[in-house]
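S.K.: Take a look at the following structure, please.
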Amino acid sequence: MASYPQDVRFGGFVGSLIWLIFWILVIVALVGLPLIFIILFYVPLPEIDGKVLTPYLFLTSILYPQSAFPVIETLLASTFFKVAVFPGFTYAALIAAATIFIERKFLAKMQLRVGPLYAGKIEGILQLIADGLKLISKEIIIPSGADKLIFWAAPIAYVATAAAVVALIPAGPGLVVADIDVGLLAVFAILGFFPLIALLFSWASNSKYPFIGGLRALHQLIAFEIPFLISALSVVLLSGTLNLTEVVESQIQSYWFIFFLPISAFVFYISSLAELERIPFDLPEAESEIVAGWLTETSGMIYGLLQLGSYIKTYALAALFVILFLGGWAGPQIFPTEIIPASADAIIPIGTLYDATVANAIFWFTLKTFGVIMLMLLPRGISPRIRIDILLHTGWYKLIVLAFINMFIALALIYGGVLGPGGLLVR
Amino acid sequence: MADPVFIAVAVLTVGTAIISLEARELIYGAISLAIAMLGIAGFFLLLDAPFVAMFQIAVYVGAVAVLIIFTVMLVRTQALFTTKEDKKRKGAGIALMLIIMSSLGALLLTSGLSGQFGDFNSSPAVNFTEIGELMLTYYAPALIILGLTLAGSVIAALALARRENIAEEEQEEDEEQRHHERTT
């Protein structure tokens, strides 16, 4: 039986608190204040609402919240906010975290289990935080003979590449980090990095099971990259652009492309499952055949990073499916035009920040994306793993042919005057 | 000329290209080759050709570099070759490269090509829909010939890789089996 040390006293507790406060004061005096003065003297600060933004403004905003409001407004419009929070990394990471928890509960319910139950009292809702803390506090074991540089760099590169895909995904009209003309091509170009990273990591692990997993990842890339591209190409034919925002706008002007391209959507769904290495295409990390595939030697936060990257990738591909086939953020207007009366005289004018169309776009986009993510989670509960010799056969003999069939249907729709510029179904 | 982005990309590309030649470990050479190819894609982006840049990344980094890395992983480097250091040859190579590059640069700078397109920063990006239209109208014969060449090379590769003796082997196996059955 565990016992507490006997010399625990209240005085000691208070003493430790005072000690802590002393150190905080010392650090603020020696580091914080000089930092503020360095910023004031040497860094050119931006001008907001006629006033120069100084660190002292933050201190005054504790007493007068309305003085902080223009600062928040500029921050929300800045590129940094787009990259770091919405629709960039934090949004994707939050959805990825929600996906991990929902996947466990959802699969458990499908198989008549309970899933996470105890952490956080209500349906194990804090299980994810517990898992995260466990992963952070665990030791990272590097196998002997491993290539240390690649072994450390690969997980970070994996998350960074997944975030780069997220940067290209528009979550609403104008809500995109990088709105480039060749957005769809850029997504496919970046997706090509993942097997490379998996292969490098598997080689760097210096172990046979990871290496077999890495080779399988490469095999899977060769089998499914071509149908993946071709199924997205028929969307490009119908919308006449590679820009993802314009793809969604062309669907708002006519109808969702899934009605014209159901076969392409099916091929895209299957190939994105293969791209994500999810069951039934989890050959690179087949846990009953090759331990854990290319993740075998991972431990602690290296495993956590790779897992985070793969779930961010899940979000990115689900969002891509929504944008290409399900009309992106299009949906009936369900938000009222204003929640709080928008007057500039209010102490905290939150009403002026609220925009009904943007809220609506974000709501429908997130809802559809979650729907597609659930659809991607579903096969894990019901499907066995595909046999490795069928993989290439499925990809090249069946999916490519199916994608081409729907591409010809799309071409027929364009030349028949149904879709495309000036078509029958274009409003 | 003093564009900091251009200089950064140039340093990255040339540096990783040199590393890819000089790296002791073959795998690091292959990785730095992939980074050099990324740098070339960066040049295409700077030259307002994002379409070409994306294909550069997809084909060269996503496919060619992966193939090279895959091949490097499967061979044991020590067994293949031993490195021979020759200071004289190395110096001569560097000097020759510098002479060729500087003379090429001097030629380009004096030829009048450099100022032909005016201000680079103000010109819009190359429109890839126009490229597509040109490919299917004026340059259609060239495209068709290229496609036929590729198809021909794929068919040739299949013909080279085909094993002609599969049917014979199966026959032999059948006969062996029959022989085996007869003996037992």
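A short reminder: the numbers here are calculations on the coordinates, not readings from a lab. These numbers were taken from a predicted model, which means no experiment stands behind them. Here the Cβ is made from the backbone with ideal geometry for all residues, glycine too, and neighbour counts use every protein chain on show.
S.K.: Which one, A:G240, A:T357, A:I400, is farthest towards the positive end of the dipole of chain A when Lys and Arg carry +1 and Asp and Glu -1 on their Cβ?
M.R.: Going by the Cα projections, it comes out as A:I400.
S.K.: Rank A:L305, A:L218, A:L30 by mean-square fluctuation in a GNM of chain A with C-alpha springs under 10 angstrom and give only the top-ranked residue.
M.R.: Answer for the Gaussian network model of chain A: A:L30.
S.K.: Which helices count as membrane-span-like in chain A under these terms: full DSSP H, at least 24 Å along the axis by C-alpha, Kyte-Doolittle mean of -0.5 or more?
M.R.: Flagged H segments are A:10-27, A:89-110, A:148-167, A:208-239, A:300-325, A:356-382.
S.K.: Express the relative contact order of the stretch A:182-255 as a whole percentage, based on alpha carbon pairs under 8 Å and six or more residues apart in sequence.
M.R.: 32 percent.
S.K.: Per residue of A:149-158, how many C-beta atoms from partner chains lie within 10 Å of its own C-beta, taken as a mean?
M.R.: 1
S.K.: Let me ask something additional. May I ask you to derive the relative contact order of the stretch A:87-415, considering only C-alpha pairs under 8 Å and at least 6 residues apart, and to give it as an integer percent?
M.R.: 25
S.K.: Please go through the stretch A:84-164 and write out the chymotrypsin sites (Phe, Trp or Tyr not before Pro) that DSSP classes as loop and that have at most 16 other C-beta atoms within 10 Å.
M.R.: Passing sites in the stretch A:84-164 are A:Y118.
S.K.: How much of the pair distance distribution for the stretch B:127-184 lies past 12 Å, counting alpha-carbon pairs only, in percent?
M.R.: That fraction is 77 percent.
S.K.: Which value, to two decimals, describes the C-alpha radius of gyration of chain A once divided by 2.2 N^0.38 Å?
M.R.: That ratio works out to 1.17.
S.K.: If you don't mind, another one. For chain A, what is the mean residue ellipticity at 222 nm derived from helices alone (per DSSP H run of n ≥ 4: -39500 (n - 2.57); sum divided by total residues; nearest 500 deg cm²/dmol)?
M.R.: Mean residue ellipticity, 222 nm, calculated: -19500 deg cm²/dmol.
S.K.: Now a separate question. On a straight-distance basis, which aspartates and glutamates could pair with A:K138 in a cross-link, Cα separation under 18 angstrom, same-chain partners fewer than 8 positions away excluded?
M.R.: Result set, ordered by chain and number: A:E297.
S.K.: Compute the whole-percent fraction of alpha carbon pairs in the stretch A:158-286 spaced more than 19 Å apart.
M.R.: 55
S.K.: Still on this structure, I have one more. Going Cα to Cα from A:K121, which lysines come in below 20 Å? Please leave out same-chain ones fewer than 8 positions away.
M.R.: Leaving aside lysines fewer than 8 places away in the same chain, those within reach of A:K121 are A:K105, A:K109, A:K134.
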